[in-house]
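Bear in mind that the values in this text are calculations on the coordinates, not laboratory data. Just so it is clear, the model here is predicted, and its values are computed rather than measured. Every residue, glycine among them, receives a Cβ derived from its backbone with ideal geometry; neighbour counts consider all protein chains shown.
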Amino acid sequence: MLGLGSNIASIGSHCSVSSFSPEDVSNLQLWLKNNHSLTVAQWDDSSGNGHHAAQSTSGNQAAVSEGGLDFEGTSNHHYDLANTGVVVSSQEAFIIFIVCKIESFDNQNSILGTGDDDIFLEFQTAKKIRFKAGGTAIAIDYPNGTFATGAKAVFAIQREAGATGNINLFKNGSAVSPDSQLANAGAITFNVLATRNNDRFFDGIIHELLCYETANLTSDEITNINNYLTTKHGI
């Protein structure tokens, strides 16, 4: 768990909320920034990597809401990530920060996928994350209500680098302990937003999303990003 302890809500000593930007942390691959370069047809990637989230079919476009996108899970709302999406090699670290408000679990709420059944990350229930890569799916249980509907929250989902590939979760800056520690070190290509394989569409508002890959972030870096997001979104 990178020695983070049970809470990472305090800002690192070298950086203040007002001066910090997620771009200050290396290996930022995707940043769907709240209220920035956003229309129903495209949400530009602010990481500089050109992984813009685009949807040209009007019936599949979410509504702009609160600086993000409001997805209706029953309406096939989803977006494709340009420029091959986010590619993570086997045993490589990644961490995804998502600010969202889940509205229901009717569709198992995919966050990111690759347009087939083999690779995806989703909020499966109000207490469970499901992640599949490398041909292996894992379902990680957390305390009841961890992913409660109707409440905006910042979630950070981390995979540690190395052969084990432990999966860690943080909610609003605090580590959340799973019922049992699970892992998956498989290779990933995330190139669709809010769907798995044209199914399991996200139902709720995605206010902001960032993805870092290649190396484990330090505890200070994770702290700073969480504080940036919780402060920015009033959580």
In whole Å, how far is the Cα centre of the range 176-232 from that of the range 69-101?
8
Largest first and to the nearest Å, give the Cα extent of the chain along each principal axis.
46, 39, 34
Determine, for each peptide in 91-100, 44-53, the mean count of other beta carbons within 10 angstrom over its residues, then list the peptides with the highest first.
91-100, 44-53
Sort TYR212, TYR142 so that the residue with the fewest other Cβ atoms within 10 Å of its own Cβ comes first and the one with the most comes last.
TYR142, TYR212
Summing -39500 (n - 2.57) over every DSSP H run of at least 4 in the chain, dividing by its residue total and rounding to the nearest 500, the 222 nm mean residue ellipticity is -2000 deg cm²/dmol
Give, rounded to the nearest 20 debye, the magnitude of the charge dipole that the chain has about its Cα centre when Lys and Arg contribute +1 at Cβ and Asp and Glu contribute -1 at Cβ.
400
